[in-house]
1. How long is the gain from K124 to K34 if the chain were fully straight, where each residue apart is worth 0.36 nm and the alpha carbon distance is subtracted?
2. Beyond 21 Å, what percent of the Cα pairs of the stretch 51-125 remain?
3. Going down the table (K102/K129; K34/K129; K67/K102; K60/K102; K60/K98), which pairs top 28 Å between alpha carbons?
4. Calculated FRET efficiency, R115 and Q57, Cβ-Cβ r, R0 22 Å, to nearest 0.05?
5. Express in nm, to one decimal, how much length is gained between E144 and I85 on full extension, taking 0.36 nm for each residue of separation and deducting their alpha carbon distance.
6. With a point put 7 Å past each Cα toward its Cβ, work out how far K67 is from E200 in nm, to one decimal.
7. Take M135 and K102, extend 7 Å from each Cα along the Cα→Cβ direction, and tell me the distance between the two endpoints in nm.
Amino acid sequence: MALRQRPYLLLANSKRLCEDRVSSRMRHQKKTIKLGRTADHRRALLANQVCALIQHQRIKTTLAKAKAVRPLAERMVTLGKNGSIHARRRALAVLRQKSVVKQLFDDIAQRSAERNGGYTRIIKLGARKSDSARMAFIEWVDSEHIAEEKPKKEKKAKHKEPEAKPQQTTSEAEQPTREEPKAEAPAPRQEEPTAPPAEEPKPKKRRWFGRKSDDS
């Protein structure tokens, strides 16, 4: 005879079935790119990226950030094309910079007036050297001028190549020689009068006492 299941076991089984059904659902309508940040941090990051894009017309960032910035940037352009005070206040609530909002409504939105969406363009670049993250440019499609990157300075070679000596001699010969002022000759020194040499003393004649010479 089969034992009857107890009521709390039935509740546990039904709860487990509900959890299995929820976990088996797909991620439809969930397009948020979290970027490994909290909601407040992510919101501030994307707002700063959009402000930089409005100011500089093009920014270089990672491909994941560029894809996250794109929907917000195009939403701001849609508000700029509306042009009402309410739309301006909504844009200011997101971007938090009055000068950027003014440039968005007066400049960028006016350039994109005839375009129905697709205001930005993403250009994929290679991997970053430090961490191999995929990089990309994001820019406005209707931008008048694009800020170009500064060319990198060329590294100087460690060993300098020896220059040709005959070329140097010819170049030096072509240059006009400047006459250098001649140094004045030093004045001749006056010769001091030299003292006459001292006379040597004459040897004294010896006298022989007690001897008489033959002549005497």
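1. On the way: separation 90, 0.36 × 90 = 32.40 nm, distance 2.04 nm.
In short, 30.4 nm is gained.
2. Details: 607 of 2775 pairs.
Beyond 21 Å sits 22 percent of the P(r) for the stretch 51-125.
3. On the way: K102/K129 37 Å; K34/K129 24 Å; K67/K102 25 Å; K60/K102 23 Å; K60/K98 23 Å.
As for pairs spanning more than 28 Å Cα to Cα, those are K102/K129.
4. Details: r = 16 Å, r/R0 = 0.72.
Calculated transfer efficiency: 0.90.
5. Working: separation 59, 0.36 × 59 = 21.24 nm, distance 2.65 nm.
Roughly 18.6 nm would be gained on extension.
6. 11.9 nm
7. Each label point lies 7 Å from its Cα, and together they span 3.4 nm.
Every number here is computed from the coordinates shown, using simple stated rules; none is lab data. This structure is a prediction, so every number in the text was calculated from the model and none was measured. Please note: Cβ atoms are built from the backbone with ideal geometry, for glycine as well, and neighbour counts cover all protein chains shown.
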